[in-house]
Amino acid sequence: MKDFYEDRFPSQEALDALTWKPLRLLSFYRVILAGLLTALFFGLSDSSTLGIHNSTIYKLTAISYLLFGILAGFTARLRYPGYELQTIIQILVDITAITLLMYASGGPSSGLGILLVISVATGSILLPGRMAFLFAAIATMAIMGEQIYSSLVLGTSRYAGYTQAGLLGLGLFATAAVAFLLVRRIKETEALALRRGIDIDNLAKLNAHIVQRLQAGIIVTDHQHRIRLINDTAMKLLDRPAAEPGGLLETFSPELYKK
């Protein structure tokens, strides 16, 4: 019974490859991204547009984002708290930090908004389903909120940014939709492969059962003369003890091997 479930359900290692390992890779990417944004701000302060609107907010956000990335890497390795909670928190922090960096750098025209597409795409893959569109909706509201706050509350002349913000929002939903369909397609393919594997395994067991009941002695070997299947009748005819699958025919029956 144990072998039955091990053959049909993914192991813990396989599950980790689809959950915790990608989450750790996301944390590694976040540290590199935050470190790069911080280094560019301090290293190219005279020629870069990063933080041109509000350098204080940019600096505090970039450093905090870098520290969060390091912390997220440790929590992902410790696997505490749970996978779903960690993923949701990390994606929401990504959206918040990138929106603040974008605001401090002049809005959607800064080009930092493209990083939101990456965050929504990774969130859609790590937590597929309706969460993909939730991340896209939150990111879109964050972009529009930043644009409204800048143009109305602060009185900055960024009215042309509404078009860019709207297009970026559409891009986020398109990314979520593509990721959603892609993940669903992959899951359907995996389910089909699992069913085909079960069918093949059942046919193999049925074939072995039929062979064992035959009155004729049957031995099946591969190209290396290793025994793949042998029935009880063959062992009785050769007067040999039970042979383990994978054993050499030469060892089991030298006379038969020579023939």
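From the backbone phi of segment 219-230, what are the Karplus-calculated ³J(HN,Hα) couplings (6.51 cos²θ - 1.76 cosθ + 1.60, θ = phi - 60°) in whole Hz, Gly and Pro given as x?
In residue order, the calculated couplings are 10, 10, 10, 9, 5, 9, 6, 9, 6, 9, 7, 8 Hz.
If r is the Cβ-Cβ distance from SER55 to LEU78 and R0 is 35 Å, what FRET efficiency results, to the nearest 0.05?
So, using R0 = 35 Å, E works out to roughly 0.50.
State the extension gain, in nm to one decimal, for the chain segment bounded by THR189 and VAL220, taking 0.36 nm per residue of separation less the distance between their alpha-carbons.
Details: separation 31, 0.36 × 31 = 11.16 nm, distance 3.26 nm.
Net length gain for the segment: 7.9 nm.
Collect residues whose amide H, placed 1.01 Å from N in the peptide plane, falls under 5 Å from the amide H of THR221; neighbours closer than 5 in sequence don't count.
Long-range HN contacts for THR221: ARG228.
Please list 3J(HN,Hα) in residue order for segment 201-206, calculated via the Karplus relation 6.51 cos²θ - 1.76 cosθ + 1.60 where θ = phi - 60°; whole Hz, with x for glycine and proline.
Rounded to whole hertz, the list is 5, 5, 5, 5, 5, 5.
So what J values fall out for segment 61-66 if you push phi through Karplus, 6.51 cos²θ - 1.76 cosθ + 1.60 with θ = phi - 60°, rounded to Hz, Gly and Pro as x?
For segment 61-66, the Karplus-derived couplings read 5, 5, 5, 5, 5, 5 Hz, x marking Gly and Pro.
The numbers here are math on the coordinates, done by the rules we state, and not lab data. Predicted model only: the values in this text are computed from it and were never measured. Cβ: placed from backbone, ideal geometry, glycine included. Neighbour counts: every protein chain shown.
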